[in-house]
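Chemist: The structure under discussion is supplied below as structure tokens; questions concerning it will follow.
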Amino acid sequence: MIECILFDMGNTLIDFEPEPFASLHREALGRVHRALAPRVDADGFSDAFASVWGALERRHRPDGRQPHLGDAFRGVLDRLEIPADPGVLTRMEDAHFSVFRERIRLYPEVPRLLDRCRDRGLKLALVSNTIWRSDDHRADLARFGIADAFDHQVYSRDFGWMKPHPSIFRDALDAVGVAPERSVMIGDRLSVDIAGARALGCRTILRRHEHTWEGRDPACVPDAEVDDLADLLERLDALAAQ
């Protein structure tokens, strides 16, 4: 019996990458630099960010902790000897996220899907890896009219651990009071969403996305796959019948 659905957010419910992340990130860093100009040149800013972000990833990712932009921008300002007052850091984060906010869109089938899941009495939780502030994401969910659909939301930046670390999945399941074997995780990344949830005992559905498709991995096979979320309930019914 399935009692809970754990949803990934980016590229599962919301199209976060209408173009590859790397190109969006370059544009976002350019916008952050312009927010700081003329105190630092573009090459100096880019080099400082690459160095600081690389160090954060080497420090955090091996044990599953989430590096994020707040720490990165603070490190960049330190390296460039610019005072890291809260106003400057806020403008930097606002500038970076604005590039993505201008492009992201809710998949049109999502509101009806969430309503139908709620009508079935399913618990719904959002489990998202993110380098951005959770308040930015909550504001977008509210803008799209789906913020109240979830019984629980957990974002790796606040939580500290990122998928596939088991603790972030456990946080969501504990919050809704459902055991892993009665839950299904739906996400677009085999190595993150599917592998992490499977290791905990959840069933899994891969939501294929053109820019995050990682290819097949015989060591990590989802229980089902969908290209269109309109087919999700049919896949859930098939899993429940197994």
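Bear in mind that the values in this text are calculations on the coordinates, not laboratory data. What you are looking at is a predicted structure, and each value in this text was computed from that prediction instead of being measured. In this analysis, Cβ positions are derived from the backbone assuming ideal geometry, glycine residues included, and neighbour counts consider all displayed protein chains.
Chemist: Pulled fully out, how much extra length does the chain show between His25 and Ser191, if you take 0.36 nm times their separation in residues and subtract their Cα-Cα distance?
Modeler: Here the segment from His25 to Ser191 would lengthen by 57.6 nm.
Chemist: Considering the dipole of the stretch 21-101 built from charges on the beta carbon (Lys and Arg +1, Asp and Glu -1) around the Cα centre, which of Ala50, His25, Leu77 is farthest to its positive end?
Modeler: His25
Chemist: Could you work out [θ]222 nm for the chain from helices alone, using -39500 (n - 2.57) per DSSP H run of at least four and dividing by all its residues? Round to the nearest 500 deg cm²/dmol.
Modeler: Using -39500 (n - 2.57) per qualifying helix, the result is -14500 deg cm²/dmol.
Chemist: A follow-up question, please. Got a sec? How would Tyr107, Tyr155 order by Cβ neighbour count within 10 Å, fewest to most?
Modeler: Ordered by Cβ neighbours within 10 Å, fewest first: Tyr107, Tyr155.
Chemist: Let me ask something additional. Would you calculate the separation in nanometres between label points at Met1 and Asp228, each defined as 7 Å from the Cα along the Cα-to-beta-carbon direction?
Modeler: 3.2 nm
Chemist: For the stretch 1-91, state which GluC sites (Glu not before Pro) are in a DSSP loop and have at most 15 other beta carbons lying within 10 Å of their beta carbon.
Modeler: Glu81
Chemist: Next up: Measure of size requested: the Rg and Dmax of the chain, with Cα atoms as the atom set and Å as the unit; please supply both.
Modeler: Both quantities, over Cα of the chain: 18.8, 62 Å.
Chemist: Same structure, new question: Could you calculate the FRET efficiency of Val221 with Ala241 from 1/(1 + (r/R0)^6), where r is the beta carbon distance between them and R0 is 22 Å, rounded to 0.05? Mind dumping the intermediate values first?
Modeler: On the way: r = 19 Å, r/R0 = 0.86.
Working from the Cβ atoms, E equals 0.70.
Chemist: What whole-number distance in Å separates the alpha-carbon centres of the stretch 1-19 and the stretch 143-183?
Modeler: 12 Å
Chemist: Mind sorting Arg198, Arg65 by how few other Cβ atoms lie within 10 Å of their own Cβ, fewest first?
Modeler: Arg65, Arg198
Chemist: Three principal axis extents, largest first, for the C-alpha atoms of the stretch 21-101, in Å?
Modeler: Largest to smallest, the principal-axis extents are 37, 28, 23 Å.
Chemist: Hey, another quick one. For Ala142 and Arg112 in one chain, what is 0.36 nm times their gap in residues minus the Cα-Cα distance, to one decimal in nm?
Modeler: Gain on stretching Ala142 to Arg112: 9.2 nm.
Chemist: Using Cβ counts within 10 Å as a stand-in for footprinting exposure, how do Thr130, Thr204 rank, fewest first?
Modeler: Thr130, Thr204
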